[in-house]
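Student: Here it is, the structure, as structure tokens.
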């Protein structure tokens, strides 16, 4: 079995990052320190100014900046193969690096679907040629994501699959999901579930509530998610298997996950920055860049998601970065596809809207963007510790910048933040021991 | 009553107003609504003359862009523009570049090249008028976008009610039928709330959108509750917006038995309205549709003057008082 993350080989970082506020909540570090990276590994962590010898290291003056473990995104759509006009492995990983990420997981709902070792193998090869940061590929649970037959999960795991999901659509048949839970034990990789009951979400364009009633949109009710969350947790408990629940949006889903975890189930959940920051009120703009699946929900749902993030019920923030061609999003709301980009704005929007306003502490956001998702998906946890691989992000919390179409490394511009001014900029990303991004 | 004398003054078109749109009733204030209805009244008198055409919008261009079938709305917009001497052009999806897969954005850009003053758009998808407004310099009038809004219908309904009942304030209107799929219901509830009237939505539970009370209306699933209203506004069962196999009601037979508006369910003197086209025998009993208390034809007549008033209002700077001045010069 090979490691589930793949990247283009490059020169190992030799850095001497001086004077930053080093902040690793998991390791209990919050101090002004110098971090020395040699051959891509963290060689020394020492009081700032205690050492002078550079030994050929590049010096990064980081006084006033925050150095933290780089981010991990368990939910990214790289659109390759099939829609390389929207994103490629090169552009998507460059966007991730610019967002401060050291690892991402790509979803298998491509064309063709990543449901065979042949398709997966081609992606792994491509990632070794062009992925700027370590990238994992999720394989499908069902062939063609059609929901009928299991994929060859053991062979896919051997070929480097990071896990399994039919993301983009739910596993509709309970019987098939039960098989996947049983057989997935052989593959030894996590199972990530998109929870949506399609006969309840049917044609739904936005959250069902007062706003959908007023605007006339067919509602996609919270219960369309939570009823599947309940079913999936029940099956996971019955088979004694762990599951990861993707992009949770509803209060009821969070309550179910909290209950299942309290009952001893190994389950994890993720939430997106847009579900943490916005509600269905945003849809009044009829801007297709606030159309996503699951939809933006009510304020009480948003508050429940924030509470779940605080108490650890939800341990991971995931962008669900979903690039779409401009001409497809430039359509009436109802005709536009679901999904928004997020890799390049995730930290800054959370910092601006939730940390600066006192809703969430910075340490919590950093942890839920890094160690939290890494643990949930069984990936190496980025740490600032001697001997650890360098997975670092250097953040300028004082920097203000405007989100603009021409500023993205992603090939797509369907961001819900276009025109917004955000605080908190990524200055440097070291991913897998290599410098992946530098502003 | 100011008499309308048509003369030299109206040879000069009014000054160009800052660009405004009419996309949703929620774009309007009570003052806006009252001003438009007032303009409509003034214009109605002009239509009583032998020569029905006013030169007010001479040289202006109104494009009607219809992506959904329509008889009433498209014909009344076209006639309204013509009565105000604007140049009109009607484009229907069938037989146009839309058939060849042209996007709405490209169609909007193409039409904008002619520099129209107004684009009237009907489209099956919510949000289409906003999209067109983004890519054109014209004022955009929403003539119906999916299940969202149909603001000129709501305005003409207010006009009709005021004409028939002499007031709007305090009026109680029961809106009966397929609320879920109805842009007319949404626009009308907002418009009634704006002018101080009450509305009650009456429908089977499956056709009442969850959360609709937030618009400021009451809801009921009991057809008996229409008896309390001054006006019974009947909505069309929109079978074309219901996906095959999506059973909102078990059958049309059961629907009309439970919620059809019949003479037996009405009080004498209750006014009945319907935005058309009617499914006679489904949501409305033919005897009701043809009764003297039905205002259905008045609605069509009101449609013309109200749409004239909307065009006039969007393209001129002033409220109705100024409008009257512009139209009457000794």
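The values are calculated or read from the model by the stated rules, or taken from the named source; none is laboratory data. Remember, it's a predicted structure, so these values are computed and weren't measured experimentally. Neighbour counts run over all protein chains shown; Cβ positions are idealised from the backbone, glycine included.
Student: Tally the residues that are on the phi > 0 side of the Ramachandran plot and more than 10 Å from chain A (Cβ to nearest Cβ), restricting the search to the stretch B:114-165. Can you show your working first?
Tutor: Residues of the stretch B:114-165 that are on the phi > 0 side of the Ramachandran plot, as a first pass: B:115, B:127, B:144, B:146.
Applying the additional criterion that residues be more than 10 Å from chain A (Cβ to nearest Cβ) yields B:115, B:144.
Selection size over the stretch B:114-165: 2.
Student: Related question: Hey, can you tell me all the residues within the stretch A:350-361 that are farther than 20 Å from residue A:269 by Cα and either assigned to a helix (DSSP H, G or I) or within 14 Å of chain B (Cβ to nearest Cβ) (or both)?
Tutor: Across the stretch A:350-361, the qualifying residues are A:351, A:352, A:353, A:355.
Student: On the given criteria, is residue B:65 within 14 Å of chain A (Cβ to nearest Cβ) and within 18 Å of residue B:121 (Cβ to Cβ)? I'd like the intermediate steps shown before the answer.
Tutor: Numbers: within 14 Å of chain A (Cβ to nearest Cβ): yes; within 18 Å of residue B:121 (Cβ to Cβ): yes.
Here the answer is yes, as residue B:65 does meet what is asked.
Student: Let me ask something additional. Could you check the stretch B:115-231 for helices (runs of 4 or more DSSP H) lying wholly inside it with 1 or more residues that are in the same structural domain as residue B:270 (by TED's automatic domain parsing)? Explain how you work it out, then say what you get.
Tutor: Details: elements: B:128-134, B:151-165, B:183-194.
It comes to B:151-165, B:183-194.
Student: Among the residues in the stretch B:76-93, are any within 14 Å of chain A (Cβ to nearest Cβ) and either surrounded by fewer than 23 Cβ atoms within 10 Å (Cβ to Cβ) or in a strand (DSSP E or B) (or both)?
Tutor: To start, the set of residues in the stretch B:76-93 that are within 14 Å of chain A (Cβ to nearest Cβ) comprises B:93.
With either surrounded by fewer than 23 Cβ atoms within 10 Å (Cβ to Cβ) or in a strand (DSSP E or B) (or both) added as a condition, the list becomes B:93.
Yes, the stretch B:76-93 contains at least one residue that is within 14 Å of chain A (Cβ to nearest Cβ) and either surrounded by fewer than 23 Cβ atoms within 10 Å (Cβ to Cβ) or in a strand (DSSP E or B) (or both).
Student: Name the residue, out of A:265, A:256, A:235, that is surrounded by 23 or more Cβ atoms within 10 Å (Cβ to Cβ), more than 14 Å from chain B (Cβ to nearest Cβ) and under 21 Å from residue A:165 (Cα atoms). Quick ask: steps written out before the conclusion?
Tutor: Numbers: A:265 fails: surrounded by 23 or more Cβ atoms within 10 Å (Cβ to Cβ); A:235 fails: surrounded by 23 or more Cβ atoms within 10 Å (Cβ to Cβ).
After ruling out the rest, the residue left standing is A:256.
Student: Looking at A:183, A:220, can you tell me which residue is in contact with a strand residue (DSSP E or B) (Cβ under 8 Å, 6 or more places away or on another chain) and within 14 Å of another protein chain (Cβ to nearest Cβ)?
Tutor: Numbers: A:183 fails: within 14 Å of another protein chain (Cβ to nearest Cβ).
Being in contact with a strand residue (DSSP E or B) (Cβ under 8 Å, 6 or more places away or on another chain) and within 14 Å of another protein chain (Cβ to nearest Cβ) holds for just one of A:183, A:220, which is A:220.
Student: If you check A:211, A:229, which single one turns out to be within 10 Å of chain B (Cβ to nearest Cβ) and in contact with a helix residue (DSSP H, G or I) (Cβ under 7 Å, 6 or more places away or on another chain)?
Tutor: On the way: A:229 fails: within 10 Å of chain B (Cβ to nearest Cβ).
So the residue among A:211, A:229 that is within 10 Å of chain B (Cβ to nearest Cβ) and in contact with a helix residue (DSSP H, G or I) (Cβ under 7 Å, 6 or more places away or on another chain) is A:211.
Student: Exactly one condition in (1) touching a helix residue (DSSP H, G or I) at 6+ places or on another chain (Cβ under 9 Å); (2) surrounded by fewer than 17 Cβ atoms within 10 Å (Cβ to Cβ) is false for residue B:269; which is it?
Tutor: Just one mismatch for residue B:269, condition (1).
Student: Can you pull out the residues in the stretch A:153-178 that are surrounded by fewer than 19 Cβ atoms within 10 Å (Cβ to Cβ) and part of a helix (DSSP H, G or I)?
Tutor: Filtering the stretch A:153-178 down to residues surrounded by fewer than 19 Cβ atoms within 10 Å (Cβ to Cβ) leaves A:154-155, A:158, A:169, A:172-176, A:178.
Answer for the stretch A:153-178, where residues must be surrounded by fewer than 19 Cβ atoms within 10 Å (Cβ to Cβ) and part of a helix (DSSP H, G or I): A:154, A:155, A:158, A:174, A:175, A:176, A:178.
Student: Give me the pairs: first residue in the stretch B:204-219 and at the interface with chain A (Cβ under 10 Å from one of its Cβ atoms), second residue crowded, with 17+ Cβ neighbours inside 10 Å and in a loop (DSSP other than H, G, I, E, B), beta-carbon distance under 6 Å, and six or more apart or on different chains, which are they?
Tutor: B:208/B:179; B:209/B:180; B:210/A:208; B:211/A:209
Student: Another question about this same structure. Based on what the data block shows, is residue A:118 in contact with a strand residue (DSSP E or B) (Cβ under 7 Å, 6 or more places away or on another chain), closer than 24 Å to residue A:9 by Cβ and assigned by TED's automatic domain parsing to the domain that holds residue A:272? Lay out the reasoning, then the answer.
Tutor: Details: in contact with a strand residue (DSSP E or B) (Cβ under 7 Å, 6 or more places away or on another chain): no; closer than 24 Å to residue A:9 by Cβ: yes; assigned by TED's automatic domain parsing to the domain that holds residue A:272: yes.
No, not satisfied.
Student: Given the criterion under 13 Å from the mean Cα position of the chain (by Cα) and not in a loop (DSSP other than H, G, I, E, B), identify the matching residue among A:374, A:308. Before you say what the answer is, go through the steps one by one.
Tutor: Details: A:308 fails: under 13 Å from the mean Cα position of the chain (by Cα).
Matching residue, one of A:374, A:308: A:374.
Student: Tell me, yes or no, whether the stretch A:339-349 has at least one residue that is assigned to a loop (DSSP other than H, G, I, E, B) and either within 26 Å of residue A:33 (Cβ to Cβ) or not assigned by TED's automatic domain parsing to the domain that holds residue A:94 (or both). Steps first, answer last, please.
Tutor: Step one: list which residues in the stretch A:339-349 are assigned to a loop (DSSP other than H, G, I, E, B), which gives A:339-345.
Among the residues that remain, those that are also either within 26 Å of residue A:33 (Cβ to Cβ) or not assigned by TED's automatic domain parsing to the domain that holds residue A:94 (or both) are: none.
No - not one qualifying residue is present in the stretch A:339-349.
Student: Inspect all residues belonging to the stretch B:273-290 and state whether any of them is within 27 Å of residue B:38 (Cβ to Cβ), in contact with a strand residue (DSSP E or B) (Cβ under 7 Å, 6 or more places away or on another chain) and modelled with pLDDT under 95.
Tutor: No - not one qualifying residue is present in the stretch B:273-290.
Student: May I pose another question? Residues that are assigned to a helix (DSSP H, G or I), away from chain B (no Cβ under 14 Å) and either at negative phi or touching a helix residue (DSSP H, G or I) at 6+ places or on another chain (Cβ under 6 Å) (or both): does the stretch A:187-194 have at least one? So that I can check it myself, show each step before the final result.
Tutor: If we filter the stretch A:187-194 for residues that are assigned to a helix (DSSP H, G or I), which is where we start, we get A:187.
Those still in the list that are away from chain B (no Cβ under 14 Å) too: A:187.
Subsequent filtering for residues that are either at negative phi or touching a helix residue (DSSP H, G or I) at 6+ places or on another chain (Cβ under 6 Å) (or both) retains A:187.
Checked against the condition, which is being assigned to a helix (DSSP H, G or I), away from chain B (no Cβ under 14 Å) and either at negative phi or touching a helix residue (DSSP H, G or I) at 6+ places or on another chain (Cβ under 6 Å) (or both), the stretch A:187-194 yields at least one hit.
Student: On to the next question. With the checklist (1) farther than 17 Å from residue A:378 by Cβ; (2) touching a helix residue (DSSP H, G or I) at 6+ places or on another chain (Cβ under 8 Å); (3) not in a loop (DSSP other than H, G, I, E, B) in hand, flag the one item residue A:184 doesn't pass.
Tutor: Of (1) farther than 17 Å from residue A:378 by Cβ; (2) touching a helix residue (DSSP H, G or I) at 6+ places or on another chain (Cβ under 8 Å); (3) not in a loop (DSSP other than H, G, I, E, B), only one is false for residue A:184: (1).
Student: Taking the stretch A:107-128, which residues are part of a helix (DSSP H, G or I) and out of contact with any helix residue (DSSP H, G or I) (no Cβ under 8 Å at 6 or more places or on another chain)?
Tutor: Within the stretch A:107-128, A:118, A:119, A:121, A:122, A:124, A:125, A:128 meet the criteria.
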